[in-house]
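Working notes, structure below.
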Amino acid sequence: MYLSKKSRLVSIFTAVLILSSAVFSQGTKKGVLEGLVSDKATGSPLIGVNIVIMGTYLGTSTDLNGRFVIPNINPGEYTLEVTYIGYKVVQKTGVKVDAGKTINLNFDLEQTALALGQEIVVIGEKPLMQINETGTIRTISREELANKPLENVEDIVAQQVGVSHQDNEIHIRGSRTYEVQYLLDNLSVQDPLSGTGFGLNVSANAIEEVEVITGGFKSEYGQATSGVVSVKTKSGGDKMEGYFSYKSDNLGLFRDNAWSFNTDIFEMNLGGREPITSGLLPALKVKLPGQIYFFMNFYASIADDYTGKTASQLYSSISPKITLFGNNLLTGNTLAPRQNNSWNLMSKWTWKLNDTQKLIYTYNRSVAINQNTQSLQTNLEYVEPGPGFPYEYSDNLNLFNVYTHDNEQTSLTWSHTLNKRTFYELRLSRFFAHLRADWMGADWTDYTMAIDVPRLPVEYYSPANDSTKVRIIPGDGFYDYGNADVWHDHYVEFYTVKGDLTGRIGNIHTVKTGMEASFDEVQLIDIIDPYTEGGFGSSQDIYRVYPADGAIYVQDDIHFEGFYLNAGLRLDYWFPGKYVDDAIDDTTNILTDEMRGQYNDQTYRLFGRHFKMRLMPRLGVSFPISDNQMLFLNYGHFSKRPKPQFVYAKLGNISSKSSYQKFGNPNLNPETSVIYELGLRHQFSKNDVISITAFYKDIFDYVQTATITGIPRIGSAIFYINLDYARSRGIEVEYKTRLLKNFSGSVNGSYSVSTTKSSSPDIGLLIAKGSINEQPIKETYAVWDRPWQVSINGNYRVPDDFGPRILGMKILGNWNINLRWFAQAGKRYTPVNFIYYSPSNGRPIYTDVEDQTLKYSELGSIWKWADLSIKKYFNSGQFKYVFSVDVKNLFDDKNSNIINPVTGKAYEYGDLVPSSWNDPLYPDLSYPVSSPYPLNPARYRKPRNIRFGFSVEF
């Protein structure tokens, strides 16, 4: 009901804007635009050039003399687009039309060998928003990235409206974290086995542009049901450019301060013309066709944890190793000097043979080493969502697992413009991701069970029935000996070929068609309780599979007199591989005859292998409803293949000792979402734009676990099945402005609701274990649902010539100040009921509600923080020096990360807690102690952090 009120508000707002625009247009005189379009090189007039006033139905073409006239224009500011086959597209912003006046504009078009639309020249300031888009696309340029305290892609995405970031997970418009597609230079770099939604990491300073598409993405995008993150990396240019930066929150002086996490960040860029082919070889009278450019980036971030807990030394068993002349240059310790270590390397080489042909070779690699359990979010056993800090091991982190995530991508891209209307691109790629969680490189057979023993200083208590006696509390809940309860190793290797062809048909249609095919190798070893006798723990998952997948698509962008339409169709296919086909044929395993029959009946066959297909239509429309006011709507079907774990788990013959096993389902269907989006964009002027968007998303075939009976030899077992359903609906508002000359800002907010039958695919397992009584009959709130958020961002650039000269320098000028304030609904939690006071010690007893419809029905305390970035620039010849101060969580807000369901906020000493928690006021007295006191330092998000930086570039 509340959402329908929001929808009515949008409708009323739209109607008011339309009516006000109509009234305004009726009561004012019109203006006229006229001018001449000519060839920049020859000065000759061009005949038949299209001139369109974007955001309206107005437009015309040049006559035999190259002249044009557009009459009957309402007063206001507009953007003109000038297009002509064989020439660069020109967009002129901020064209002001006055009532009763004629404005004269002339355009000199520059010839290009590329196809129409490949090169766009913007005259004036870049538009704040593309009001003619048929979907929701937010583009963040390199200039915007440079002004904000951002380190990587995840930081960038987390700041977009409609995006929630919690527990190391990114949720777009209320969807699960793995439903996002992550593209690097138009190639997927996701690790499907880690479950985080991201894979290869890229430094923000190596990025040219980021597109975050949250609605209406076209048929060229696949394997995403909630959003697409598309990253375009920088390339070298004609001029040699370099960059070096260093940031630190300690500078070797402040490591003991509360706002320092002992962080040091180093980064280097170098790019330009490749020196051998541009200098040395020509000097030797050797000339290669075209020109070769390069760009290289190195990034390193090493930091301890804000919790204040660190291991004495992390060791990575799979980090890169280098030996030279018998000397170890890189060992398992080298890249892990602190608690959180991130290393990125990028090398990009562009060979521009001529104006129409280009070859790009790219190598990217990222290595992350830490002890954050959220580095791995696909687990054999159920894990409650949390911040990822291993609190039970915090007194001896040397015993706990180290997580190493190594991602590597190599790609080759060929671009060729065939003629003035047609071009194609062909991409070849290898992506390799390897994640291991282990202790000091040991095999799982070397693990020992973790135990907690009483250690000095001990806590004493007197028995309630005899105050004259003193007893020792048998431990504190922290593990003193032994290792983690999981050993994990997986890798994925994808070989991908991807091609697309784009052609312009007449002046209306731009058709793009393409295909992609990926041939994969996936291996996983997951051992639970590795110290259990028998060699493979209490439970395990071990497989190596060779699936294949791909797609073909076609889309048509239609532009006619201010009306924009995008129609597309995408066909995804997926071969689970020989491993699954053999499991179906093997009548001795756990699969039933019914499962085998369904698999054979519901799959297609090609060359003796089974595969599945899914056809998905996409449609988007955008059109003016008044001047500079566009209504857009889109509809589409989107799918995401099930996680490998859901398909392949335990289809092999290795036995487990655990009573609760989860088995893969060979016949799983891809998860599918059907999304509707309706929005309005209004450009008040070139410096003021607002967008209002409403969306509704149904998600079908969500995977969950359920107990299946009739299993050979064992009677029943828990399988993954397509049984769950979810939906998300909401409204987003975004306003952007450029006030004065040097200030820009934005205000955005969203309200949404995400509901599902289960927030975890493990619900069937939890029911079987007795952790919950039953599955909810109706939808409940998703654990990641955060109903509302508000963000305000302002950026001010102090002019170079501001203030007087001091010692010959403009000290008060050439500054940049960026401030962002953010607030969001708190994390969801399940309420508890007060039952009684314990007769033994008087403790209030709170237990979980039995009504499963109340699961995650309450919201914790609000999150809010402010981030500040200040930069001072100095120019000296060809060098630019920058001194910076970045402050995260400026006001040191305490944001609850682990919710105490009795109080709805993070625990503080003295608070009442559920009976399952170890309350320091009523401590556990029996051995083993159930858990440490709930004083986990990660129960709050990061406190204030101050970083000082210096950079130089040329």
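The values are calculated or read from the model by the stated rules, or taken from the named source; none is laboratory data. A quick note: this is a predicted structure, and the numbers were derived from the prediction, not measured. All Cβ positions, even for glycine, are placed from backbone atoms using ideal geometry, and neighbour counts span all protein chains on display. Surface accessibility is based on the protein's heavy atoms, side chains included, excluding ligands, DNA and RNA. Shrake-Rupley method; radii C 1.70, N 1.55, O 1.52, S 1.80 Å.
For an R0 of 60 angstrom, estimate the FRET efficiency from the Cβ-Cβ distance between residue 142 and residue 909 and round to the nearest 0.05.
0.80
Take the Cβ-Cβ distance between residue 357 and residue 601 as r, set R0 to 35 Å, and report the resulting FRET efficiency rounded to the nearest 0.05.
0.10
Highest mean first, what order results for 578-584, 693-699 on Cβ atoms within 10 Å?
693-699, 578-584
If I stretch the segment between residue 102 and residue 493 completely, what's the gain in nm (0.36 nm per residue apart, minus their alpha carbon distance), one decimal?
134.5 nm
May I ask what percent, to the nearest 5, of DSSP beta bridges between residues of region 29-123 are antiparallel?
Taking every DSSP beta bridge with both residues in region 29-123, the antiparallel ones total about 70 percent.
Students often check this: by mean Cβ neighbours within 10 Å, which of 665-674, 900-909 ranks highest, and how do the rest follow?
Put in order of decreasing packing, that is 665-674, 900-909.
Going from most exposed to least, what order do 421, 436 have by accessible area with a 1.4 Å probe?
Reading off the accessible areas and sorting them downward yields 421, 436.
Checking the cross-link filter: which lysines have an alpha carbon closer than 29 Å to that of residue 578, excluding same-chain neighbours under 8 positions apart?
498, 612, 640, 643, 650, 657, 662
With each label point set 7 Å from Cα along the Cα-Cβ vector, what nm distance links residue 32 and residue 256?
Result for the modelled spin labels: 8.0 nm.
First check a/c for region 739-804, with a ≥ b ≥ c the square roots of the eigenvalues of its C-alpha gyration tensor; if it is under 1.5, answer rounded, and if not, answer prolate when a/b is larger than b/c or oblate otherwise.
Note, shape of region 739-804 comes out prolate.
Please give the length that would be gained between residue 716 and residue 801 if that part of the chain were fully extended, namely 0.36 nm times their separation in residues minus their C-alpha to C-alpha distance (nm, one decimal).
Full-extension gain reported as 22.8 nm.
Expressed in nm to one decimal, what extension gain is obtained for the pair residue 892 and residue 817 from 0.36 nm per residue of sequence separation less their Cα-Cα distance?
Extra length available between residue 892 and residue 817 comes to 25.1 nm.
Can you pull the one-decimal nm distance between simple spin-label points at residue 276 and residue 876, each 7 Å off the Cα toward Cβ?
Between residue 276 and residue 876, the simple spin-label model gives 3.5 nm.
Share of the chain's accessible area from carbon and sulfur, percent, 1.4 Å?
Exposed carbon and sulfur together represent 57 percent of the surface.
How do the peptides 120-129, 149-158 rank, highest first, by the average count of neighbouring beta carbon atoms within 10 Å per residue?
For the peptides 120-129, 149-158, the packing ranking is 149-158, 120-129.
Could you report the chain's accessible area per residue, 1.4 Å probe, as an integer in Å²?
43
With 29 Å as the limit, write out which pairs from 352/686; 40/880; 30/686; 88/218; 40/420 have Cα-Cα distances beyond it, or answer none.
352/686; 40/880
Which of these values of mean projected area of the Cα convex hull in nm² was calculated from the structure shown: (1) 47.0; (2) 41.7; (3) 58.8?
(1)
Between residue 450 and residues 5 or more places away or on another chain, which pairs have amide H atoms under 5 Å apart, with H built 1.01 Å from N, and which residues are they?
483
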